[in-house]
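Comments concern the structure below.
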Amino acid sequence: MSPKTSTTHQNRLAVFQPSTVPEFESALEGTLERRQFAPGECLFHEKDPSDGLYILREGKVRLEIASADSATIEVANCGPSMLIGAGAAVSGRPREYTARALARVTADFVSREVIMSRMRAYLPFALQISQLLAADVERTNQFALRLRTGKMPA
């Protein structure tokens, strides 16, 4: 589906804070798959099955959702050290948004299988993911409320 128009709500929803907890990175050691994306290329599309998450290393990624009239709503821009797609990767639900490279992007991919096995094996890793997901739910709820009431910052 190609978008008709683009409505920008840039930087209103920070999907995840940068990954700074050493236990998180060390729990993934040896499981990261480096991937490159050209400007305009999608890391994944809204409603795709979730096969894992990305840790952004270089570049910038725009998160966007399609509205009922096929317009594109920009939800957030993500930069280095941010996690993209963790909610769907942990839940196993389809992707909630499209992630599109705004510039050349380098990201490390972690499969859903690795995430789930690490969560079972490493309590600090499971706690980090849980905290990130809880914060994401709160930001998503706030974004949805502002979008519904039309009180988006200019």
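The values are calculated or read from the model by the stated rules, or taken from the named source; none is laboratory data. The model shown is predicted, which means the values in this text are computed figures rather than measured ones. FYI the Cβ positions are ideal-geometry reconstructions off the backbone, even for glycines, and counts take in every protein chain you see.
Quick notes
- Condition check for LEU147: within 16 Å of GLU29 (Cα to Cα) and not aromatic (Phe, Trp, Tyr): no
- Residues in the range 117-138 that are surrounded by 12 or more Cβ atoms within 10 Å (Cβ to Cβ) and charged (D, E, K, R) were compared, and the one that is nearest to VAL90 (Cα to Cα) is ARG118.
- Members of the range 74-86 found to be in contact with a Phe, Trp or Tyr (Cβ under 9 Å, 6 or more places away or on another chain) and either within 13 Å of THR98 (Cβ to Cβ) or among the charged types (D, E, K, R) (or both), listed by number: VAL75, ALA76, CYS78, ILE84, GLY85
- THR20 being part of a strand (DSSP E or B) and at pLDDT below 80: no
- Candidates are the residues of the range 70-86 that are surrounded by fewer than 22 Cβ atoms within 10 Å (Cβ to Cβ) and not aliphatic (A, V, I, L, M); the one that is nearest to ILE129 (Cα to Cα) is SER81.
- Filter pass, ARG146 being touching a residue at least 40 places away in the same chain (Cβ under 8 Å) and in a helix (DSSP H, G or I): yes
- Unique residue being assigned to a strand (DSSP E or B) and either modelled with pLDDT of 75 or more or surrounded by 18 or more Cβ atoms within 10 Å (Cβ to Cβ) (or both) when the list is VAL114, VAL110, VAL90: VAL110
- Checked against (1) in contact (Cβ under 8 Å) with a residue 60 or more places away in the chain; (2) over 27 Å from ARG146 (Cα atoms); (3) surrounded by 15 or more Cβ atoms within 10 Å (Cβ to Cβ); (4) under 16 Å from the mean Cα position of the chain (by Cα), GLU41 meets all criteria but (3).
- Failed condition for ARG62, given (1) among the charged types (D, E, K, R); (2) part of a helix (DSSP H, G or I); (3) free of Cβ contacts under 8 Å to residues at least 60 places away in the same chain: (2)
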